[in-house]
Amino acid sequence: MKTDELERFILQNRDEFDSEEPDPSVWMRIEQKTRPAVRIRWGSILWKAAAVIVIFAGSYLFFDLTHRSDVTEGPAQEIPVPEEFRELMEADGYYSARIAGMKEEIIRVSGNDEQILSEINIDLGELDTVFEELKRDLRENGDNKEVIRAMIQNYRIKLQILEEILLQINRQKTTGEDEPSASSHEI
């Protein structure tokens, strides 16, 4: 097959065509556009992990309360679970899931704002401290209905705080304010 003149010309002058190179900044811009930006949202992962831990701990406590046995008595005997403990287990599962979902929503809406997340962690950390004290009280005095009610109220307060923060963030976005006022919570 006979090569045409254009192809022959290109083959003969190939070195002259390859003499020009683009500016290195052009390649950097192309690479930036082609690299996928991978961002790991640690806050979201940590909240999910915390929710799983809380649910696991609640399930373990429920299992432990319902399946205790005395080694000297032989096979395990079914221990009736008081209504208050059942209520606490249900509240634990319900509020833990709602709180985790609300935290994720706040992270999503706030754009992962570190100031807001820090204030949430402070507020909820104080409530977690109170909750741990209530758990110790419950271990020491298991039939105390007021302790169980206080634990459930603790969950409700956490959820109310998160709902209020989400409401403030949404208001701030609609009014265009610069600073959200998420630190107006008292425990």
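The values are calculated or read from the model by the stated rules, or taken from the named source; none is laboratory data. Since this is a predicted model, take the numbers as computed values, not measurements. Here the Cβ positions follow ideal geometry from the backbone for every residue, glycine too, while neighbour counts run over all protein chains shown.
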Which pairs have Cβ atoms under 6 Å, sit 6 or more apart or on different chains, and link a residue in the range 109-134 that is in the same structural domain as Glu163 (by TED's automatic domain parsing) and without any contact (Cβ under 8 Å) to a residue 60 or more places away in the chain to one that is surrounded by 16 or more Cβ atoms within 10 Å (Cβ to Cβ) and of a type in the set (D, E, K, R)?
Leu124/Lys158
Would you pick out the residues in the range 132-154 that are crowded, with 17+ Cβ neighbours inside 10 Å and out of contact with any Lys or Arg (no Cβ under 9 Å at 6 or more places or on another chain)?
Leu134, Leu138, Ile148, Ile152, Asn154
For the range 111-161, the count of residues that are within 21 Å of Ser96 (Cβ to Cβ) and among the polar types (S, T, N, Q) equals 5
Restricting the search to the range 106-120, which residues are buried (at least 16 other Cβ atoms within 10 Å of the Cβ) and within 24 Å of Met151 (Cα to Cα)?
Ile106, Leu117, Glu119, Ile120
Members of the range 45-76 that are at pLDDT below 55 and part of a loop (DSSP other than H, G, I, E, B):
Ser69, Asp70, Gly74, Pro75, Ala76
Residue hits (the range 124-148; closer than 16 Å to Leu46 by Cβ and not small (Gly, Ala, Ser)) are Leu124, Asp128
Criterion: within 23 Å of Val52 (Cβ to Cβ), out of contact with any His (no Cβ under 7 Å at 6 or more places or on another chain) and loosely packed, with under 14 Cβ neighbours inside 10 Å - qualifying residue of Thr175, Thr129
Thr129
